[in-house]
Amino acid sequence: MTATKPDLGTWVGKGIDRVDGPHKVTGTAPYASDVTLPGMVHAVVVTSTVGAGTITKIDTSALLTLPGVRAVFTHENFPRLNPSPDVLFGEAPTAPLQDGRITFHGQEVALVVADTSQEATEAARLIEITYAAEAPLLDPAAGQPEPLPLSPDTSRGDTEAGWAAADVRIGATYRTPENTNNPLGLMGCVAAWDGDHLEIHDTTQGTIALRKTLAAMFGVPESGVRVRVPYLGGGFGAGLNQWPYKLLAAGAARELGRPVKLMLTRPQMFRLVGHRPDTEQQVRLGATRDGTLTMIEHRATVLSSIDFLAVGLITSGTGHLYACPNVATVERTVRLNRRYPTSMRAPGEAEGNWAIETAMDELAYELGMDPLELRLRNLATDLDPASGKPWSSNGVIECCRVGAELFGWSRRDPRPSSMREGDLLLGWGMAAAGFFAYLPMSQARVTVYADGTAAVRSAATDIGTGTYTVITQLAADLLGLHPQQVDCRLGDSDMPASAQSGGSGLASSLSNAVIDAVSHLQGELLTLAGADSPLHGLGPDDVVCRDGALCRRDDPSVRVPIADLLAGQGLVEMSGDGRLRPPDAAAAGMVHAGAYGARFVEVAIDPMIGRLRVRRVVSVTDGGRILNRKLARSQILGATVGGIGQALFEDTLTDPGTGRVANGTFGDYLVAVSADVPDVEVVFVGEPDRYTPSGTKGIGEIGLVGVAAAIGNAVHHATGRRMRDLPITVDQLMM
Amino acid sequence: MRAFVYDRPDAVDEAVASVAADPQAAFLAGGTTQLDLMKDGVWTPDRLVDISRLPLRGILVESQQLKVGALTTMEQLAAEPVVAQRLTFVREALLAGATVQLRNMATIGGNLLQRTRCRYFRDPTVAACNRRSPDSGCAAVDGVARMHAVLGVDERCIALHASDVAVPLLAVEASVLVSGPSGQRRIPLSEFWVRADEGPSIENVLGHGDLITEIDVPLLPQGWRSGYLKVRDRASYEFALTSAAVAVQMDGDMIADIRIGLGGVGSVPWRAREAEEMLRGTHVDPVRFEQAGRATMASAFTVPGTAFKVDLAVRTLSRQLITMTEATR
């Protein structure tokens, strides 16, 4: 990238309060569930009660006589949709109601539309559907393994030679269960057509991917589809895909000529908007006596639904964290009669890290070596071991060292069950963590007005992490304004296109688009400077905006008020459009690095009754440039809570005979609650990353990676029992 | 949702008559179980008789017992100073249950009548549930079972009674006062619930139109100690995997008298009488504690997902016995 390094530091990095906070706490932030349109009717999804087979009969005639019921859509009368286009992470899951085929228990089989949601719910309850049921395929061993397009096998060196050369070897199988994303905000939408124009208020994390999907599948121009998501009640990945419910609402709205509102129920959130799929992983590690890794082999099988594949990424980080010459990764999936998988916070990395970082702890014990020392000896901090090129930044060693110091790791007695407090066994565990670099395309528009204020516009969504706030801070610094003079608007596909919030890529992608947009804005403003202007003849990077004026960068006292520049040409505003401009990595000679971390955990276990409590966590993260310390800390805190849930509680269970979700409510599916969360010390280390001008790395997901393994390793330290299957529950800890 | 008639009478007689007259009517108190069941489509009353205006709130402290109005909330009972002093295990069980939001809505009468949390019972698309529809089978026995019972159950139904506070109330020999179509009667809690292995579709001895108006809770005599231990994966807002409510009267190193209730294990709140008899009049001895637990759990019926509960219940009881007997020395 050629742009001059921006001058950031007045507002960027500061832990200012969320700019959207007042809207949220006063209930004035409009979420999709708050949208009400004139003439709007309500739709409720009916789901299958068998796990495989075919619908043989749906009798809807009786339902149409019920109070308020307007329509019942089934595969017999729902409009035929065009094929799904390829968007983010592939095409949409199966288009709904196109045939009578059932591929999982809880699949969409009908849509009831009524004047009120209560009437629609009652009619949906009374619908009678007859199935030719088949035995669902639920046993992974009975399925056909197939490769995953996004998770190719990798290999370097010779793992068998590395195995043969090892003095110490370990090999074991690790499992992670299905977890359900469960954002607090229920997902849903309001769809309204005006001729061939569709406007949809939705809970997607990516407005542009949904726009493209809706346009293609309904056969209308992309220019005529508007997706609006000003606020999102979370997502954790559940908002990444083009789920059938959106197509159902849009289809029903078009057929009925009325706006249709469709909100999923909490039980439906366990079935219709994805989950973190189950994995089974085999890991082999070899090392010489001094703890130098001689080989890593990581094989993973991840479960998919019949028509929609898992993303995978279980093994994709394995070859990059440790400097080992011999590495092989193999990843397969099996299609079963299970609900749609998707990405869930730190997809793949959270599962793969559980296996690798537990295996590293096992190797450390086999070697008789401190687990921290084993990491420090092998972590690849200078060069990416897969390509041999330098990282754009890598603070993983610093994460480990700083975390160990803060935690007091040197006081750890490595012998299992050696640290006690009364009846309690104490365990100290750690894990290293990485999260892949991901830099999708985003665009943004920056506008300055004659009154000295400015606006940033992008179709990007703020999933709740603070995108509004960090972009406001960035624009304030770039334009030399106070954040209160900057209005940031997001979540509307009519604004400049943007990547989704997901993959920890948005903050970096969008911040660089804003930097580019300001550069273009400065160029546009310069075109207004006539021959008599002190700024005449300067280039876009020779000037900066400060306090409503365009100034010489090297001498800010040479300045022209923007209002004067605009007025000179009869203008009231000026905009600059920008986009992410990734550097030519090959030319730059570096590999774009993701975020890194190290987690240190203390657990206390009452061995008589198997009671485990996490007592403290030190979480250190290299997130490159931190845009807002307060929000960044919140991201790591929240992800730590998610990691505790992954380690100890979260487990979406499937009935062995039917494929039904066995615990799909908040009463039955456990997530960590406040009482489970101890003191968490969040620390950031590292430098702004060299790969992009903004220098930030995504930190929405890295905080979860490594938490489960650190807890599992702490359990081993406390009890001598090696935990290889998640979650770790009371029944595994009675001693 | 399904339409229903909503009544809110002011007098007990009126409420009882209203429900008794309509076979499809039911009382509504705090609603923390009932509204869930209605939303799940498991329970579909045509008439709800809201009893929240009945004069059944409050606690009357007498010298030997508490008279607790059936509409007293869990939080109100937990906040009563006499409960903290003389019925410590009742207070601890209350505060270990649900969340403060739920405890501010949930009533003591309703707590005793709460329905099982079995997900097969609570999902009307599951056909096999002997509790919901007699002779239809039990999906839980072959399904995903963990939060299920191992005592007072058999292959016909493994539904758990998940109440915490019912466990110490049973141990302290509380009773309920019931107003019904045929007048008032008193039912000791020991005779109130019906075990699943004695008929999975019947949960208690109340008839249609019977209304609990009061719970009478004997105070533990001076010199007794009590406590409630709840074991669960999560630190809060989860039903017990196992729990033990223990009250003891110590005489030096000897257990002079004892009451034990177990939670998380039974189709009904479980009184561990065998264990009480084995321990009464004996010296503190952890080996004997474990034997008493084993004797209590000897009749357990388990499925793969619940097998761990036998051992866990023994350990939970042993731990609580150790804690309670240590505390007196």
Check your understanding: Under the rule of -39500 (n - 2.57) per DSSP H run of 4 or more residues, summed and divided by the residues of the protein assembly as shown, what mean residue ellipticity at 222 nm is obtained, to the nearest 500 deg cm²/dmol?
Key -> -7000 deg cm²/dmol
Practice item. May I have the extent of the alpha carbons of segment B:5-50 along their three principal axes, as whole Å values ordered from largest to smallest? Key: 30, 20, 13
Exercise for review: Please find, in a Gaussian network model of chain B (springs between Cα atoms separated by less than 10 Å), the residue of B:Ala20, B:Ala300, B:Ala196 whose mean-square fluctuation is greatest.
Suggested key: B:Ala20
Check your understanding: Over what distance in Å are the Cα centres of segment A:608-625 and segment A:293-350 separated?
Key -> 24 Å
Check your understanding: What is the Rg over Rh value, at two decimals, for segment A:61-149, using alpha-carbon atoms and the Kirkwood definition of Rh?
Key -> 1.06
Review point. ³J(HN,Hα) across segment B:96-105 via Karplus (A = 6.51, B = -1.76, C = 1.60, θ = phi - 60°), whole Hz, x for Gly/Pro?
Key: 7, x, 6, 10, 4, 4, 5, 5, 7, 9
Revision key, fill the gap. So, over other residues within a Cβ distance under 13 Å of A:Phe73, counting Lys, Arg +1 and Asp, Glu -1, the net charge is 0
Practice item. Indicate, rounded to the nearest 5 percent, the antiparallel portion of the DSSP beta bridges found entirely in segment A:430-577. Key: 80 percent
Point to revise | Positive minus negative residues near A:Gly368 (Lys, Arg vs Asp, Glu; Cβ under 15 Å) | key: -3
Revision key, fill the gap. Exposed-loop cut sites defined as trypsin sites (Lys or Arg not before Pro) in DSSP loop states with at most 12 other Cβ within 10 angstrom; longest site-free run of chain A spans A:290-735
Practice item. Take every DSSP beta bridge with both residues inside chain A and express the antiparallel ones as a percent of the total, to the nearest 5. Key: 75 percent
Practice item. Would you mind giving the mean number of other chain beta-carbons within 10 Å of the Cβ of each residue in B:138-147, as a whole number? Key: 4
Check your understanding: Once the protein assembly as shown is represented by equal point scatterers at the alpha-carbon sites, with solvent omitted, what log10 I(q)/I(0) does the Debye formula produce at q = 0.05 Å⁻¹?
Key -> -0.36
**Study point:** Cut-off under 5 Å, modelled amide H: who pairs with A:Thr203 long-range
**Key:** A:Gly188
Practice item. Return the distance in nm (one decimal) between the two label points of a simple spin-label model at A:Gln732 and A:Thr28, each offset 7 Å from Cα along Cα→Cβ. Key: 4.9 nm
Practice item. Evaluate segment A:440-581: find the radius of gyration of its Cα atoms, find its Kirkwood radius, and give the ratio Rg to Rh. Key: 0.99
Practice item. Note down the relative contact order for segment A:541-655 as a percent, whole number, built from C-alpha pairs under 8 angstrom at least six residues apart. Key: 12 percent
Practice item. Count, for each residue of B:232-243, the Cβ atoms from other chains sitting within 10 Å of its Cβ, then give me the mean as a whole number. Key: 6
Review point. Given H placed 1.01 Å from N in the peptide plane, which residues other than close sequence neighbours of A:Leu550 have an amide H under 5 Å from its amide H?
Key: A:Val560, A:Ile562
Check your understanding: What percent does the relative contact order of chain A come to when contacts are Cα pairs within less than 8 Å and at least six residues apart?
Key -> 17 percent
Revision key, fill the gap. Descending packing, highest mean Cβ count within 10 Å first, for A:637-649, A:476-488 is A:637-649, A:476-488
**Study point:** Packing-based order for B:175-186, B:155-166, A:26-37, B:210-221, using average beta carbon neighbours within 10 Å, highest first
**Key:** B:155-166, B:210-221, B:175-186, A:26-37
Review point. Distance from the Cα centre of segment B:9-31 to that of segment A:111-126, in angstrom?
Key: 29 Å
Practice item. State the Kirkwood hydrodynamic radius of segment A:390-485 in Å, one decimal place, computed from all pairs of distinct Cα atoms. Key: 18.6 Å
Point to revise | Among beta bridges that DSSP assigns inside segment B:1-94, antiparallel share in %, nearest 5 | key: 30 percent
Review point. At a Förster distance of 45 Å, what's the computed FRET efficiency of B:Ser299 paired with A:Ala132, Cβ-Cβ distance as r, to 0.05?
Key: 0.55
Study note, to complete from the structure: Per DSSP loop assignment and a cutoff of at most 16 other beta carbons within 10 Å, chain A keeps its longest run without exposed GluC sites (Glu not before Pro) at A:135-735
Exercise for review: Please average, across the residues of A:606-612, the number of beta carbons from any other chain that are within 10 Å of each residue's own beta carbon, and give a whole number.
Suggested key: 6
Check your understanding: Using modelled backbone amide H atoms (1.01 Å from N, in-plane), which distant-in-sequence or interchain residues come within less than 5 Å of B:Leu211's amide H?
Key -> B:Ser179, B:Gly180
Exercise for review: Work out from phi, with θ = phi - 60° and the Karplus expression 6.51 cos²θ - 1.76 cosθ + 1.60, the ³J(HN,Hα) of each residue of segment A:293-298, listed in order in whole Hz, and give x for Gly and Pro.
Suggested key: 5, 9, 6, 9, 10, 9
Check your understanding: Net charge near B:Asp216, counting Lys/Arg +1 and Asp/Glu -1 over other residues with Cβ under 12 Å of its Cβ?
Key -> -1
Point to revise | Cβ-Cβ FRET estimate between B:Glu290 and B:Val100, R0 fixed at 41 Å, reported to 0.05 | key: 0.70
Point to revise | Value of relative contact order over segment A:440-581, rounded to a whole percent, pairs C-alpha under 8 Å and six or more apart | key: 33 percent
Review point. Given A:Lys14/A:Lys697; A:Lys212/A:Lys697; A:Lys57/B:Lys39; A:Lys24/A:Lys697; B:Lys39/B:Lys230, which pairs have Cα atoms separated by over 21 Å?
Key: A:Lys212/A:Lys697; A:Lys57/B:Lys39; A:Lys24/A:Lys697; B:Lys39/B:Lys230
Revision key, fill the gap. Whole-Hz Karplus couplings 3J(HN,Hα) for segment B:301-311, θ = phi - 60° and coefficients 6.51, -1.76, 1.60, Gly and Pro as x, run 10, 10, 10, x, x, 10, 4, 5, 5, 4, 5
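FYI, it's all coordinate maths here, none of it is from the lab. The shown structure was predicted, so the numbers you read here are calculated from the model rather than taken from an experiment. Positions of Cβ are generated from backbone atoms using ideal geometry, with glycine treated the same way; all protein chains shown enter the neighbour counts.
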